[in-house]
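Reviewing the structure listed below.
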Amino acid sequence: MEKKEKKIFNKKNRKWFIIFGIIILAAISFFVFKKNGGNGTNFVEVKRGEIISEVSVTGIVVPSKNVDLAFERGGKITRIAVKVGDKVGSGQTLVQLENSDLFAQVAQARASLQMQQSKLDELNKGTREEEIKVKEAELAKAEQDLQNYYVGVRDVLNDAYAKADDAVRTKTDNLFTDDETQNPKLTFTASDLQSQIDVIALRVRAGSELNAWKDELQTINYSTPSEELEKELQYGKNHLAVVRDYLSRAMDVVDSSVGLSVTTISAYKLDINTGRTNTNIAFTSLSTQSQAIASQKVVVQRTEDELSLKRAGATAEQIAGQEAQIAQAEANVLYYESQLEKTYIHAPFSGVITKIDAKLGDIISANVLMVSLIGSGNFEIESNITESDIAKIKIGNKARVTLDAYGNDVMFNAVVSKKNLSETIIDGVPTYKTTLQFEENDERILSGLTANVDILADKKENILYIPSRNIFSKDGKKTAKVLQADGTVREIEITTGLRGSDGKTEILSGLTENEKVTTE
């Protein structure tokens, strides 16, 4: 009986234990369900903080300066001034060739230069008084000749005017009636109506030109300034040009005359041709006078310049010639000095000798490597960065560096100093050579060490972010799945900014701090 009651009791206990356990599990499930938004999905909150974008690369440590040095000419090595490991200063002599013959040539070139300089000094002492007086006489004659040309301007102009006046008012007088009026008339009829109209208009203009010219000539006297005389010569040529046009058109109208006898036409043409010939002679006279004045002014100026040079001590030609001799002598000195310089190898910068291939007494050829030198300044890191990362890198970006030789616990600081704009293909992938400069000298840094570099491409603080994995792409837009107040999830469009190398992405719009977004 007791056993039977105990069995019933145990069955009842197990039943209640099962019911109680189910209730506990349901409560836990409900709690987890509510915590995760009520649908069993995991969520993360939109947070505010820092995002860092880094580019991690490997590179090789190289000296900031290194050079292989050779002679520019061949010869015999007579001196080796350094050994491997020596520290040298900029400009220090490292190796030397036999050069005694070049020393002699330099000395000879310098002596020649000194001799040529002495000759120039003698020229600069001055010209003899007799030579100056001769040149002064030449100048006086040139100035008098120029004055004579100016004096002759009046006669030349008057003669030209007379020829022009005769051509218009005498030689073509029979062609017109009422010549000196504003409405002259041809004494015959012409078949070429246009030439008839033109010649009448030109006759009026030619008369006006002659009247104006006559008035101008009356203002000229022996005290007229030379500049005004030159202008009058030009005015005269302008007047003659009008007369020449008139005579040319007069010939045209005679050629087209109607009813004139052959004898009359011949007489008219003879008179017109005579007038044209005289007018051309007058024009040539004025031009010749202008050219004579211009040429003589050049003679006067040149003579004045020569006199000035005489008074200064020598002619321009003598000084220029001697200066050319000096320039040639200086060039010879520079040439032999440059040849002498080629017998030395100098350190182009301060550094340490890493290699010497020279031996005393060796006969060497030009451009054969003799000495290798690395700079004593900061070391650099050369690295090839892929096209996907190079756009993130800017000159001046900071970087953390570890060297394989010292492990990850020893950290060095560097900064990006250069990046090539042309690509280098490595294993089929475009890369860009980038150089980083160590910020401090450190004796532990050695050329050739492998460097692991983390370049800080960008950094933002106090910004909204979510894990990059919580961002989705849909129809070319960025979206995130956000937990709503009623426990549902809604997909919304967002705008992103910096994508960090730490798995975070900046949120520019679409989300607010503490909102929850799904990770699925």
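Taken across the range 291-312, residues that are outside the structural domain of Leu120 (by TED's automatic domain parsing), of a type in the set (S, T, N, Q), surrounded by 14 or more Cβ atoms within 10 Å (Cβ to Cβ) and not in a strand (DSSP E or B) do occur, with at least one present. Within the range 132-146, the residues that satisfy the criterion of being at pLDDT 90 or above, under 51 Å from the mean Cα position of the chain (by Cα) and hydrophobic (A, V, I, L, M, F, W, C) are Leu139, Ala142, Leu146. Do we find that Leu260 is modelled with pLDDT of 95 or more and out of contact with any helix residue (DSSP H, G or I) (no Cβ under 6 Å at 6 or more places or on another chain) in this structure? So Leu260 does not fit the description; no. The condition (being assigned by TED's automatic domain parsing to the domain that holds Gln147, within 21 Å of Thr264 (Cα to Cα) and of a type in the set (S, T, N, Q)) is satisfied by just one residue among Gln196, Gln182, Gln234, Gln218: Gln196.
Do we find that Gly448 is over 40 Å from the mean Cα position of the chain (by Cα), more than 15 Å from Arg48 (Cβ to Cβ) and either among the charged types (D, E, K, R) or surrounded by fewer than 16 Cβ atoms within 10 Å (Cβ to Cβ) (or both) in this structure?
no
Just so you know, in the range 173-202 the residues that are of a type in the set (Val, Ile, Thr) and closer than 17 Å to Ile272 by Cα include one that is surrounded by the fewest Cβ atoms within 10 Å (Cβ to Cβ), and it is Thr177.
Residues that are part of a loop (DSSP other than H, G, I, E, B) and not charged (D, E, K, R) within the range 496-510 comprise Gly500, Ser501, Gly503, Gly510, listed in sequence order. Scanning the range 55-95 for residues that are more than 27 Å from Ala399 (Cα to Cα) and polar (S, T, N, Q), we see that the one that is farthest from the chain's Cα centre (by Cα) is Thr78. Annotation: Ile494 fulfils all but one of (1) surrounded by 13 or more Cβ atoms within 10 Å (Cβ to Cβ); (2) touching a residue at least 24 places away in the same chain (Cβ under 8 Å); (3) under 17 Å from Glu45 (Cβ atoms); the unmet one is (2).
When you look at Leu360, is it of a type in the set (A, V, I, L, M), surrounded by fewer than 16 Cβ atoms within 10 Å (Cβ to Cβ), assigned by TED's automatic domain parsing to the domain that holds Ala111 and under 30 Å from Val82 (Cβ atoms), yes or no? Spelling it out, it is not the case that Leu360 is of a type in the set (A, V, I, L, M), surrounded by fewer than 16 Cβ atoms within 10 Å (Cβ to Cβ), assigned by TED's automatic domain parsing to the domain that holds Ala111 and under 30 Å from Val82 (Cβ atoms).
The values are calculated or read from the model by the stated rules, or taken from the named source; none is laboratory data. Every value quoted in this text rests on a predicted model; they were computed, and no experiment measured them. Positions of Cβ are backbone-derived with ideal geometry, glycine not excepted, and every protein chain shown enters the neighbour counts.
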